[in-house]
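Enquirer: Have a look at the structure that comes next, please.
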Amino acid sequence: MEENTQKLFYSIGEVANMFGVNQSLIRFWEKEFDIIKPAKNKKGNRLFTPKDIDNFHIIFHLVKERGMTLKGAKAKLKENRDDAENNFEVVKRLKDIKAALLEMEDSLND
């Protein structure tokens, strides 16, 4: 059985790879959205927490998947963060269900 281990901190490179974006976009979103607050080590490297990753998922969903402007995404998070989180969770669950169904279809076709 596989254990679901979660790291305490992620580097900016790891975060950029998770989302398939450049590190510069991660730095930009960090400046633009006050919900992203990475710690920094002695060298000044950003250390993102799992909570930061969750916030990036929400921002990514609003900006990249729903096509909102940064201004619109900021307003959505400020006005109704719970709604944005719930919408993201629904989309995430639907993607997981779709992946599971596609996997089942593949196994049936084999």
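The values are calculated or read from the model by the stated rules, or taken from the named source; none is laboratory data. All figures in this text were calculated on a predicted structure; none of them were measured in a lab. Cβ sites come from the backbone with ideal geometry, for glycine too, and all protein chains shown count toward neighbours.
Enquirer: For residues in region 80-101 being closer than 19 Å to Glu32 by Cα and either modelled with pLDDT of 85 or more or not polar (S, T, N, Q) (or both), which is surrounded by the most Cβ atoms within 10 Å (Cβ to Cβ)?
Expert: Ala84
Enquirer: Condition first: part of a loop (DSSP other than H, G, I, E, B) and either polar (S, T, N, Q) or at pLDDT 95 or above (or both). Can you find one or more residues in region 25-42 that meet it?
Expert: For region 25-42, residues part of a loop (DSSP other than H, G, I, E, B) and either polar (S, T, N, Q) or at pLDDT 95 or above (or both): present.
Enquirer: Can you tell me which residue within region 29-44, out of those that are more than 17 Å from Ser11 (Cβ to Cβ) and without any contact (Cβ under 8 Å) to a residue 40 or more places away in the chain, is surrounded by the most Cβ atoms within 10 Å (Cβ to Cβ)?
Expert: Asp34
Enquirer: Hey, another quick one. If the requirement is being at pLDDT 90 or above, assigned to a loop (DSSP other than H, G, I, E, B) and surrounded by 11 or more Cβ atoms within 10 Å (Cβ to Cβ), which of these qualifies: Val21, Val15?
Expert: Going through Val21, Val15 in turn, just one is at pLDDT 90 or above, assigned to a loop (DSSP other than H, G, I, E, B) and surrounded by 11 or more Cβ atoms within 10 Å (Cβ to Cβ): Val21.
Enquirer: Here are Leu47, Leu77, Leu70: which of them is crowded, with 17+ Cβ neighbours inside 10 Å and either at pLDDT below 90 or more than 14 Å from the chain's Cα centre (by Cα) (or both)?
Expert: None of the others qualify; the one that does is Leu77.
Enquirer: Taking region 1-32, which residues are touching a Leu at 6+ places or on another chain (Cβ under 7 Å) and within 22 Å of Lys76 (Cα to Cα)?
Expert: Glu32
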